[in-house]
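What follows is one structure encoded as C-alpha cells, with my remarks underneath.
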Amino acid sequence: GGGPSPPATSGGDGAPGERMKPLPAPLPPGLGASERELEHFLRDALSSCIMLERYPRCVIQVVVQIVQADGGVLGTAVNCAVMALMDAGLAMRGLPVASTCVVFGGAGEKSGQERVGGGVTVWLDPTAEEESGEGHSTVVLVTDASEQSLILNSMTFGSPLSLEGLTCSIDVSNQMAAAMLKFMRLAVEQKVTKELQTLWS
C-alpha cells in the first residue's frame with residue numbers, strides 16, 4: 001500500500017555491520033565487476049570505520065554520483081564518501097583511505113607514477129586508458145590511515161596478481177595513504193577555520 005515503509009537494510013537481524021545500506025554507485029563499465037559487487041565493496045569499506053553501535057535504529061545512506069571519470073573511480077568514490085561522513089560528523093573508529101594501482105610484471109618507463117620493486121612496476125592513480133589495457137592487474141586497496149598495516153578491503157581486476165605485485169601495491173598504497181591523510185586533515189582544518197570566522201564575524 002501507500003504509507004511509510006521501514007528503512008531497508010542488507011540483513012534481517014540488524015547487526016551493527018549490516019546497517020549500512022548498499023550504495024547506489026553506477027560506475028563505468030569495464031572494471032570486471034558487477035554494480036552490486038562494487039556497491040558491496042563501498043559498503044564494507046565504510047562500515048568498517050563507522051561506529052554503527054552509536055546509531056542503533058538508523059540507516060546511514062551514502063549516494064555516490066559520478067559526473068565524469070578518467071580512472072580510479074572506485075577508490076575515489078571511497079575517499080569522497082569518507083570525506084562526506086567526516087563532514088556529517090559521524091562517529092568513526094578509523095579513517096579508510098583508498099588507492100588505485102596498476103601492476104605490471106616488468107619495469108616500465110612511466111616516469112613520475114611508478115614505484116619499482118624487483119621485477120614489478122606499479123603505477124599509482126592510473127587513467128581509464130591505463131586501467132583498461134591488457135597484461136596487467138588493477139588493484140584497489142583500502143587501508144586504515146591511522147594503522148597502515150591494516151587492509152580493510154581490496155579488489156583486483158584484470159590479469160592474476162602475483163604475491164610480489166600485491167606486496168608492492170600495499171607498499172605504494174601505504175605511502176599514498178599518508179599523503180591522503182594530510183590532505184584530509186588540511187581540508188577539515190580549513191573548513192573549521194572558515195566556520196569559526198563566519199561565526200564570530
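Could you tell me how many of the residues in segment 120-150 are touching a helix residue (DSSP H, G or I) at 6+ places or on another chain (Cβ under 7 Å) and assigned to a loop (DSSP other than H, G, I, E, B)?
Qualifying residue count for the region: 1.
Just checking, which of L27, L46, L31 is within 28 Å of D125 (Cα to Cα), of a type outside the set (G, A, S), open to solvent by less than 80 Å² (accessible area, probe 1.4 Å) and modelled with pLDDT of 70 or more? Break it down into steps so the answer makes sense when it comes.
On the way: L27 fails: modelled with pLDDT of 70 or more; L31 fails: modelled with pLDDT of 70 or more.
That would be L46, the only listed residue that is within 28 Å of D125 (Cα to Cα), of a type outside the set (G, A, S), open to solvent by less than 80 Å² (accessible area, probe 1.4 Å) and modelled with pLDDT of 70 or more.
Of everything in segment 85-98, what is under 14 Å from A145 (Cβ atoms), free of Cβ contacts under 8 Å to residues at least 60 places away in the same chain and more than 12 Å from the chain's Cα centre (by Cα)? Give them in sequence order. Walk me through how you get there before you give the answer.
Quick first cut of segment 85-98, residues under 14 Å from A145 (Cβ atoms) only: 85-86, 92-98.
After this cut, where a residue has to be free of Cβ contacts under 8 Å to residues at least 60 places away in the same chain as well, the list is 85, 92-94, 96, 98.
Scanning segment 85-98 gives L85, M92, R93, G94.
Working only within segment 129-156, note down all residues that are open to solvent by less than 30 Å² (accessible area, probe 1.4 Å) and more than 15 Å from the chain's Cα centre (by Cα).
Answer for segment 129-156, where residues must be open to solvent by less than 30 Å² (accessible area, probe 1.4 Å) and more than 15 Å from the chain's Cα centre (by Cα): E130, H136, S137.
List every residue pair whose Cβ atoms lie under 7 Å apart, where the two residues are 6 or more positions apart in sequence or sit on different chains, the first residue falls within segment 65-84 and is within 15 Å of L141 (Cα to Cα), and the second residue, located anywhere, is charged (D, E, K, R) and open to solvent by 20 Å² or more (accessible area, probe 1.4 Å).
G71/E130; G71/E131; G72/D125
Restricting to segment 157-178, give me the number of residues that are open to solvent by 60 Å² or more (accessible area, probe 1.4 Å), part of a helix (DSSP H, G or I) and small (G, A, S).
Of the residues in that region, 0 qualify.
Go through segment 45-69 and give me each residue that's part of a helix (DSSP H, G or I) and of a type in the set (K, R). Show your work before the answer.
Of all residues in segment 45-69, those part of a helix (DSSP H, G or I) come to 45-47, 52-54.
Within segment 45-69, R54 is the sole residue that qualifies.
Return the pair list, or none, for Cβ contacts closer than 6 Å from residues in segment 36-59 that are within 15 Å of G94 (Cα to Cα) to residues that are part of a helix (DSSP H, G or I) and at pLDDT 85 or above, at least 6 apart or on different chains.
A45/V78; L46/A81
The values are calculated or read from the model by the stated rules, or taken from the named source; none is laboratory data. Quick caveat: nothing in here was measured; it's all calculated off a predicted structure. Cβ atoms come from the backbone with ideal geometry, glycine included; neighbour counts cover every protein chain shown. Surface accessibility is based on the protein's heavy atoms, side chains included, excluding ligands, DNA and RNA. Shrake-Rupley method; radii C 1.70, N 1.55, O 1.52, S 1.80 Å.
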